[in-house]
Amino acid sequence: MELNSVKETGVLIVGAGPSGLALACDLARRGVPALLVEQAPVLFPGSRGKGIQPRTREVLDDLGVGAAVREHGGPAPVGMAWQNGERTGEHRMFRVAAPTDAEPYGEPWMMPQWRTQEILLARLRELGGDVAFSTALTGLGQDADGVTAQLSTGPVRASYLVAADGGRSTVRRALGIAMTGETVDPAPMLVADVRVAKDALDRLNWHMLNTDSGFITLCPLPGTADFQLVAQFRRGEPDLSLAGVRAVVAERTHLDAEDVTELRWASDFRPRAALADRFREGRVFLAGDAAHVHSPAGGQGLNTSVQDAYNLGWKLGQVLNHGADPALLDSYEEERRPVAAEMLGLSTRIHRGEQERGAATQQLGIGYRGGPLSAGRAGVLEAGDRAPDGPTGDRRLFDVFRGPHFTLLAVGTDAELPQSTGPAVLVHRTDAYEAYGKGLFLIRPDGYIGWAAEDTTGLAAYLAPLGLAPRLGRGAAG
């Protein structure tokens, strides 16, 4: 093999699902060279992960696609139970709370997974990136300086590789990383995107029926003419054909078989909860379903996956572009694996009816207190907490945080601030605010507080391993 025949990049991302696309967008806005490859010829076509939780909406807003998510999605429909062709009562599927200054999104947002991926791909292209479709990983090796991947289109040399290639991850298997878990429900499930004859079923409700054969639900997907159908099979196996889907609908609902006019996509699976034994092997990282596989109950899989990418992206950027200590990358597994384990337990309990879809499903309470990158506390917050939104002058704090930078936030204090930070750290003063109290807060690029204190003592020491070294003094804030 000639050396000049090997394509070189900073990060090779395998798999253009939600986590791979989100990571590629984050790296692109940081100017980190990345190659995103996908074995399939097109993006995943189904609705599968259709619920975007409030914390993930915050992430997507920061990545620059908040407006598109609002435009193409909608609130979760009110659940409607049916029996013998009659409506028997409404059921709220998710906790709904009024937006607040600190938490601007009060409810999950419904949008089919294929649309989320289209939006992220469009954003990636705006940022100058793209997906190499029909490109499979056929082998990989690594050494102290990087990863060499064999692709169906030729070899690639990368500083790091991120496996975002799903629950059956080729990369994870090549690394020999085991998945530890359990079957959540032995009954197989059918999930399909269907179209239903006009006036046969209203689009105002999430329709639910329990039968001797297993439950069935039909959920209208906002921004489309489709319903997502989910059916459990206590007996037999799902038939993924149009005739098979029609038969299930006719057997379990008041609809006629012919009311299902079109089958857009279908898949079958057995609900499982599994967690990779580790999220890193040398210069290779696991993200999304490659690292954790969830029951769909509670809407945690896609959301946890996107937030994996959001956690890892800025760390790769600091190491590759700002000279941060590579040990920073150890914090990815240390922070994200416990979160994934917690979300897996939540999904499983919801699936088994042991817990309601409450505040925990919104993921706003997730944090990294006591973690390797969390130091100090000030006001009412501790390092590792999610940084709340709120008003600041004629803007919002999330407007200040938006982008690939850190933010040193001075809340209700005249403590000294850095005279010079460079573009990687934005300094901002704001009035005292009850969601923070008073103090100095260093907001990480992923929206969590990394460091907090009453003054800048210890700030320089915290920033140095991150490749940041502001000059401290009595400088003014912006």
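See the values below:
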{"item": "Point-to-point label distance, R157-A174, nm (Cα→Cβ direction, 7 Å offset)", "result": "1.7 nm"}
{"item": "Exposure ranking of R29, R87 by accessible area [1.4 Å probe, largest first]", "result": "R87, R29"}
{"item": "Over the stretch 1-119: Rg over Rh, Cα atoms, Kirkwood Rh", "result": "1.13"}
{"item": "Area accessible to solvent at H72, 1.4 Å probe radius, in Å²", "result": "50 Å²"}
{"item": "Heavy-atom accessible area order for K50, K7, largest first, 1.4 Å probe", "result": "K7, K50"}
{"item": "Amide H within-cut-off set for A324, under 5 Å, with H built and near neighbours excluded", "result": "V319"}
{"item": "Percent of Cα-Cα distances greater than 30 Å, calculated over the chain", "result": "48 percent"}
{"item": "Estimated inter-spin distance, R369 and D101, nm [label 7 Å along Cα→Cβ]", "result": "2.3 nm"}
{"item": "Share, in percent, of DSSP beta bridges within the chain that are antiparallel, nearest 5", "result": "70 percent"}
{"item": "Kirkwood hydrodynamic radius over Cα pairs of the stretch 53-187, then Stokes diffusion coefficient at 10 °C and 1.306 mPa s, in µm²/s", "result": "82 µm²/s"}
{"item": "13 Å beta-carbon shell around L286, net charge (K/R +1, D/E -1)", "result": "+2"}
{"item": "Hypothetical label at L240: residues of the stretch 170-197 whose amide nitrogen lies under 16 Å (7 Å Cα-Cβ projection)", "result": "188-194"}
{"item": "Probe 1.4 Å - accessible area at M93, Å² to nearest ten", "result": "20 Å²"}
{"item": "Eligible lysines near K7 by straight Cα distance, threshold 28 Å, same-chain separation 8 or greater", "result": "K315"}
{"item": "Global form of the stretch 1-67, assessed from the alpha-carbon gyration tensor, a/c cut-off 1.5", "result": "oblate"}
{"item": "C-alpha center-to-center spacing [the stretch 82-106, the stretch 204-229] in angstrom", "result": "15 Å"}
{"item": "Heavy-atom surface of the stretch 192-333, accessible at 1.4 Å and reported per residue (Å²)", "result": "36 Å²"}
{"item": "FRET efficiency for D414 and E71, using Cβ-Cβ distance with R0 set to 51 Å, rounded to 0.05", "result": "0.75"}
{"item": "Largest-first ordering by accessible area, 1.4 Å probe, given options E454, E38", "result": "E454, E38"}
{"item": "Efficiency of FRET from Cβ geometry, A200 and D330, R₀ 35 Å, rounded to 0.05", "result": "0.05"}
{"item": "Amide H within-cut-off set for L364, under 5 Å, with H built and near neighbours excluded", "result": "R55"}
{"item": "Residues whose placed amide H lies under 5 Å from that of Y448, excluding near-sequence neighbours", "result": "A387"}
{"item": "Carbon and sulfur %, accessible surface of the chain computed with the full protein complex present, 1.4 Å", "result": "48 percent"}
{"item": "Accessible area per residue in Å² at 1.4 Å probe, computed on the stretch 12-162", "result": "39 Å²"}
{"item": "Cα centroid separation, the stretch 318-341 to the stretch 128-159 (Å)", "result": "21 Å"}
{"item": "Dimensions (Å) - the stretch 189-236, Cα atoms, principal axes, largest first", "result": "33, 15, 15"}
{"item": "Estimated inter-spin distance, A136 and D394, nm [label 7 Å along Cα→Cβ]", "result": "5.7 nm"}
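The values are calculated or read from the model by the stated rules, or taken from the named source; none is laboratory data. Remember, it's a predicted structure, so these values are computed and weren't measured experimentally. No Cβ is skipped: glycine too gets one built from the backbone with ideal geometry, and neighbour counts run over all protein chains shown. Side chains are part of the model used for accessible areas, which takes the heavy atoms of the whole protein and leaves out ligands, DNA and RNA. Shrake-Rupley method; radii C 1.70, N 1.55, O 1.52, S 1.80 Å.
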